[in-house]
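Below is one structure, written out as structure tokens, with a few remarks after it.
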Amino acid sequence: MKIGISCHHTYGGSGAIATELGKALALRGHTVHFFSQAAPFRLGKYSKNIFFHEIEAMNYPLFESPYYALALASKIAEVAFYEKLDVVHAHYAIPHAISALLARQMLEEKCPASRCFRIATTLHGTDITIVGADASMRDAVRLGINKSDGVTAVSGYLKDETVRMFTPRKPIEVIHNFVDTSVFRRLPGREPRELLGIGTEKVVIHISNFRPVKRIGDVLAVFEQIQQRIPATLLLVGDGPERSEAETWVRINGLTSKVRFLGKLDDIVPLLSIADLMLMPSNVESFGLAALEAMACGVPVVVTDAGGFPEFVRQGVDGFRHPHGDVEGMSRSALSILEDDAVWRRFSESAEQHAGQFETALLVEKYESFYRKLVDEADKAAADQ
Ligand code: GMT
């Protein structure tokens with residue numbers, strides 16, 4: 001198949017999943033065209049089946065800000081027509097699903113909708129729970145969902161939320177996020193510890209875009225309690241609006257020697273490989289990809305008992321789930337894993353093994369079948385006309 005994928009290129013789970021999906025599809029012989037504002041951060045190596053189209057929105061004095069969604073639609077229309085794309089897969093409803101719809105309208109005269117590319121939209125989370133909940137965007141998100149030929153959600157939780165908020169016209173298929181366990185695996189060696197000047201103390205890690213939904217304050221509060229009982233270092237990977245406040249808190253509380261702000265990093269496997277625990281106390285995560293990637297590297301997780309986490313984090317087996325804001329409970333759970341090496345080993349092995357159920361190949365097959373179903377439906381509709 002010839003597949004177009006449009007996604008956010010920035011540090012974030014939806015761009016990561018879109019890119020890993022495209023790379024896996026290319027390895028399986030499909031041709032993949034990426035559409036994005038810049039090369040997605042995980043695109044990496046070249047491949048004969050992968051093409052990247054950078055969307056450059058025109059700047060004109062009349063425009064307050066460049067019209068990215070329109071430039072994206074024009075580019076999708078151009079590439080879809082000349083490359084005869086079968087499917088355009090929009091990751092994140094806004095603006096990608098809307099741009100794909102517009103692109104199809106742009107091609108109406110050259111190819112009727114029934115013979116044009118199919119539109120698959122994957123909902124990732126905040127496109128529904130935050131953007132979709134905002135009155136200024138709600139109807140645009142609804143249009144993207146209802147006019148796509150097929151819609152998937154990355155968890156059962158997100159599917160239910162979408163149904164509750166939008167009562168969509170078509171069924172939504174759940175295709176969980178995934179992890180490539182040949183890449184996300186615990187690497188041997190102490191080099192990252194040495195490079196970071198970390199000794200034998202326990203390493204706690206948090207990876208995110210530092211948005212309010214991630215509750216960075218809780219990460220710090222839990223860590224504060226951990227380091228009062230055992231020697232520990234906290235690695236904070238990523239960047240975003242809450243970072244400055246977090247840095248100030250760390251300085252005021254005298255924890256600068258124990259908390260390391262590492263900023264945005266592309267290769268997180270070496271850090272996950274020295275981590276003993278991941279904290280992800282978000283208000284809610286539609287899935288929580290970073291936790292799955294940590295588990296694949298044998299890192300037990302302490303997460304929120306909301307959103308998609310219950311779909312892949314087994315309570316008391318791969319880690320612990322708590323109501324959001326339960327700093328005391330999370331600290332207790334974290335210490336129960338970190339204070340006993342035998343307990344840690346049991347959690348680490350379970351987490352790593354369970355992550356295998358979300359192996360890339362298994363979930364990419366589901367996307368392939370999903371695309372085929374959309375293309376077959378269109379062929380049948382065209383034949384019936
Ligand atoms: O806010 C984020 O974490 C970024 C956002 C994104 O679109 O990149 O993440 C969402 O999609 C990820 C991939 O499907 C999920 O793993 C995250 O849980 C989800 N974030 C939220 O629901 C807050």
Test T162 against the stated conditions and say whether it is of a type in the set (S, T, Y), over 24 Å from R42 (Cβ atoms) and open to solvent by 50 Å² or more (accessible area, probe 1.4 Å).
no
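Find the helices (runs of 4 or more DSSP H) located wholly in region 1-118 whose residues include 1 or more that are over 22 Å from the mean Cα position of the chain (by Cα), and list them.
Numbers: elements: 13-27, 68-83, 98-106.
Once the helices (runs of 4 or more DSSP H) in region 1-118 are filtered for at least 1 residues that are over 22 Å from the mean Cα position of the chain (by Cα), what remains is 68-83, 98-106.
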Residues located in region 189-247, provided they are within 16 Å of the ligand (Cβ to nearest atom), open to solvent by 30 Å² or more (accessible area, probe 1.4 Å) and acidic (D, E)
D239, E242
Quick check, is E83 more than 16 Å from the ligand (Cβ to nearest atom) and farther than 19 Å from G15 by Cβ?
yes
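Taking the stated definitions as given, is Y68 hydroxyl-bearing (S, T, Y) and out of contact with any helix residue (DSSP H, G or I) (no Cβ under 9 Å at 6 or more places or on another chain)? If you could, list the steps in order and put the result at the bottom.
Numbers: hydroxyl-bearing (S, T, Y): yes; out of contact with any helix residue (DSSP H, G or I) (no Cβ under 9 Å at 6 or more places or on another chain): no.
For Y68, the condition - hydroxyl-bearing (S, T, Y) and out of contact with any helix residue (DSSP H, G or I) (no Cβ under 9 Å at 6 or more places or on another chain) - is not met.
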Answer with yes or no whether T162 is touching a His at 6+ places or on another chain (Cβ under 9 Å) and either not in a loop (DSSP other than H, G, I, E, B) or not aromatic (F, W, Y) (or both).
no
Considering region 115-133 alone, what residues qualify as being open to solvent by less than 70 Å² (accessible area, probe 1.4 Å) and either away from the ligand (no atom under 13 Å from the Cβ) or within 16 Å of F370 (Cα to Cα) (or both)?
C116, F117, R118, I119, A120, T121, T122, L123
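Say whether the condition of being among the small types (G, A, S), out of contact with any Lys or Arg (no Cβ under 6 Å at 6 or more places or on another chain) and surrounded by fewer than 20 Cβ atoms within 10 Å (Cβ to Cβ) is met by at least one residue in region 292-308. Before you say what the answer is, go through the steps one by one.
Filtering region 292-308 down to residues among the small types (G, A, S) leaves 294, 296, 298, 306-308.
Pick out the ones that are also out of contact with any Lys or Arg (no Cβ under 6 Å at 6 or more places or on another chain) and you get 294, 296, 306-308.
The next check asks that each one be surrounded by fewer than 20 Cβ atoms within 10 Å (Cβ to Cβ); those that pass are 306.
Looking through region 292-308, at least one residue is among the small types (G, A, S), out of contact with any Lys or Arg (no Cβ under 6 Å at 6 or more places or on another chain) and surrounded by fewer than 20 Cβ atoms within 10 Å (Cβ to Cβ).
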Scan region 116-127 and report the pairs whose first residue is of a type in the set (D, E) and whose second residue is assigned to a loop (DSSP other than H, G, I, E, B), with Cβ atoms within less than 8 Å and a gap of 6+ or a chain change.
D127/Y92
Considering (1) surrounded by fewer than 22 Cβ atoms within 10 Å (Cβ to Cβ); (2) part of a loop (DSSP other than H, G, I, E, B), say which one S336 fails and leave the rest.
(2)
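The values are calculated or read from the model by the stated rules, or taken from the named source; none is laboratory data. Computed from a predicted structure; not experimentally measured. All Cβ positions, glycine included, derive from the backbone under ideal geometry; neighbour counts span all protein chains shown. Just so you know, the surface numbers come from the protein's heavy atoms only, side chains and all, with ligands and any DNA or RNA stripped out. Shrake-Rupley method; radii C 1.70, N 1.55, O 1.52, S 1.80 Å.
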